[in-house]
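These notes concern the structure reproduced below.
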Amino acid sequence: MNQEKLMTILLEPRVTEKSTLIGEAYNQYVFKVAREATKPEIKQAVELMFDGAEVVSVQVMNVKGKKKMFARRLGQRVNWKKAYVKLKSGFDIDFMGA
């Protein structure tokens with residue numbers, strides 16, 4: 001897999017209360033990923049973007065967009081995909097860059 005494609009797979013980290021608790025308890029991190037991304041591609045992308053991080057497992061979930069009212073019309077937000085990435089013990093990802 002070429003590096004340009006791998007750099008476009010991880011869209012953003014999902015930093016919420018739930019993802020923070022999961023990160024502290026199980027050494028897992030949550031990312032919003034491209035909808036066409038596969039588990040091996042996500043693993044390679046995390047190992048490429050965060051030097052020295054060794055991925056143990058990847059779990060993927062498709063999130064359906066909520067139905068909302070937009071100016072008196074019913075619409076739907078975009079569906080997206082998120083990935084739970086578990087790292088080997090002793091490895092860490094620092095999102096703040098400090």
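Note on the stretch 52-98: residues that are hydrophobic (A, V, I, L, M, F, W, C) and at positive phi total 1.
So, in the stretch 62-98, how many residues would count as being more than 21 Å from Asn27 (Cα to Cα) and not in a strand (DSSP E or B)? Lay out the reasoning, then the answer.
Going residue by residue through the stretch 62-98, those that are more than 21 Å from Asn27 (Cα to Cα) are 62-80.
Cutting the leftovers down to not in a strand (DSSP E or B) gives us 64-66, 71-72, 77-79.
The qualifying residues number 8.
Annotation note: of Val15, Val30, the sole residue that is assigned to a strand (DSSP E or B) and either modelled with pLDDT of 95 or more or farther than 16 Å from Lys86 by Cβ (or both) is Val30.
With the structure loaded, tell me whether Ala45 is among the small types (Gly, Ala, Ser), touching a helix residue (DSSP H, G or I) at 6+ places or on another chain (Cβ under 6 Å) and modelled with pLDDT of 90 or more or whether it fails that test.
Working: among the small types (Gly, Ala, Ser): yes; touching a helix residue (DSSP H, G or I) at 6+ places or on another chain (Cβ under 6 Å): yes; modelled with pLDDT of 90 or more: yes.
Spelling it out, Ala45 is indeed among the small types (Gly, Ala, Ser), touching a helix residue (DSSP H, G or I) at 6+ places or on another chain (Cβ under 6 Å) and modelled with pLDDT of 90 or more.
Does the stretch 18-35 include one or more residues that are surrounded by fewer than 17 Cβ atoms within 10 Å (Cβ to Cβ) and in contact with a helix residue (DSSP H, G or I) (Cβ under 7 Å, 6 or more places away or on another chain)? There is no residue in the stretch 18-35 that is surrounded by fewer than 17 Cβ atoms within 10 Å (Cβ to Cβ) and in contact with a helix residue (DSSP H, G or I) (Cβ under 7 Å, 6 or more places away or on another chain).
Taken over the stretch 62-92, the criterion of being without any contact (Cβ under 8 Å) to a residue 40 or more places away in the chain and small (Gly, Ala, Ser) is satisfied by Gly65, Ala71, Gly75, Gly90.
Flag: Ala53 matches the condition of being in a loop (DSSP other than H, G, I, E, B), in contact with a Leu (Cβ under 6 Å, 6 or more places away or on another chain) and either at pLDDT below 95 or within 19 Å of Phe91 (Cβ to Cβ) (or both). Scanning the stretch 65-81 for any residue that is in contact with a helix residue (DSSP H, G or I) (Cβ under 7 Å, 6 or more places away or on another chain), under 21 Å from Gln3 (Cα atoms) and modelled with pLDDT of 95 or more turns up nothing.
The values are calculated or read from the model by the stated rules, or taken from the named source; none is laboratory data. Computed from a predicted structure; not experimentally measured. Here the Cβ is made from the backbone with ideal geometry for all residues, glycine too, and neighbour counts use every protein chain on show.
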